[in-house]
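Remarks on the structure that follows.
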Amino acid sequence: MLFGQSLFQSVLERLNAGDELPEEPAEAPSHRVRGLNTGFAANVLDGVSVGSQRPDQAYLDNIETAPPELPLTEEHIVAEEPPAPPPMPEHLARVAPDEIAAELAISAADTMQSLGAKRRAFARANHPDGVALPYRHDATVRMMIANRLIDEAIRRLTRKI
């Protein structure tokens, strides 16, 4: 605090005192950069100086010289064919519950750990995210049936215990 004022008030006083500078006369706008010698701005466009050119004129000149748009015909349009999907894996064609049960080979001797390992191994080979888009429905059906079969085996196991 200076002389009973807060730091903020003293800074404001100094800033206000700095605002009272004498005004300089406004200069006419020029195409030249202040501080550079006069030989810097060269004559352009067949002896017409830069200062006399309208800034928007170059934009309009370029628009008028642009080539016209050509209408597209069937010859110009090339139909891109989507790539052919890869062949469907043979195991995705087997969606019957008895076929999936034979693949899982669930037995009465299976433990919780072995059933979990079978679920992970089956998911690694059949998960819908790992197959091409046209075959995801079959992969989803296979995963749902396998999960149901493994869940039933786990329920039977917990009833015995």
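None of the figures in this text is laboratory data; all of them are computed from the coordinates on show. Everything numeric in this text was worked out from a predicted model, so none of it was measured. No Cβ is skipped: glycine too gets one built from the backbone with ideal geometry, and neighbour counts run over all protein chains shown.
Given Cα pairs under 8 Å that are at least 6 residues apart, what percent is the relative contact order of the range 91-160? Please list the in-between numbers first.
Values: 48 pairs, mean separation 30.4, N = 70.
Dividing the mean separation by the residue count of the range 91-160 yields 43 percent.
Hey, can you rank 120-130, 5-15 by average C-beta count inside 10 Å, highest first? Provide the component values of the computation, followed by the final result.
Working: 120-130: 13.7, 5-15: 10.6.
With the highest mean Cβ count within 10 Å placed first, the list reads 120-130, 5-15.
For the range 113-159, max minus min Cα coordinate along each principal axis, in Å, sorted largest first?
Ordered largest first, the range 113-159 gives principal extents of 40, 16, 8 Å.
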